[in-house]
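Structure first, then comments.
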Amino acid sequence: MKIKREHSLGIEEARRRVDLVAEELGGKLRLTSEWEGDHLRVHGKGISGRILVFEDSVEVHVHVGLAMMMLREPIRSAIESSIDEYIA
C-alpha cells in the first residue's frame with residue numbers, strides 16, 4: 001500500500017515528525033524502525049516498508065504479508081491516522 005501526504009514543514013521538521021509517527025505506530029503495530037538517509041525503514045511481524053521524506057511530502061510504502069492480510073485495512077487506517085495527526 002502507498003500513502004502520500006503533502007506538507008509545508010521542510011525536510012528537517014518532517015523528519016522529526018516522522019519519528020513521532022514511527023513511535024506511535026511502533027506501539028500500535030509492534031514495529032521497529034531505523035533511518036537510512038531520508039527514509040525510515042519500518043518492520044515488524046508480517047509488515048515491512050519505508051517512509052520517504054521529501055521537502056514537500058511524505059510517502060509511506062508498506063507491504064503486508066499474507067498472515068496479516070486480513071488486517072490490511074485496520075493497518076492502513078492506523079498509518080493514515082498517525083500521518084494525518086503529525087504531518088498534515
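Bear in mind these aren't lab numbers, they're just calculated from the coordinates by the rules spelled out. This is a predicted model, so every value here is computed, not measured. Don't worry about glycine lacking a Cβ; one is built from the backbone with ideal geometry, like all the others, and counts go over all protein chains shown.
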Selection count where residues are closer than 13 Å to ILE79 by Cβ and β-branched (Val, Ile, Thr), scope region 13-38: 2
Any idea which of SER48, SER33 is in contact with a Leu (Cβ under 6 Å, 6 or more places away or on another chain) and small (Gly, Ala, Ser)? SER33
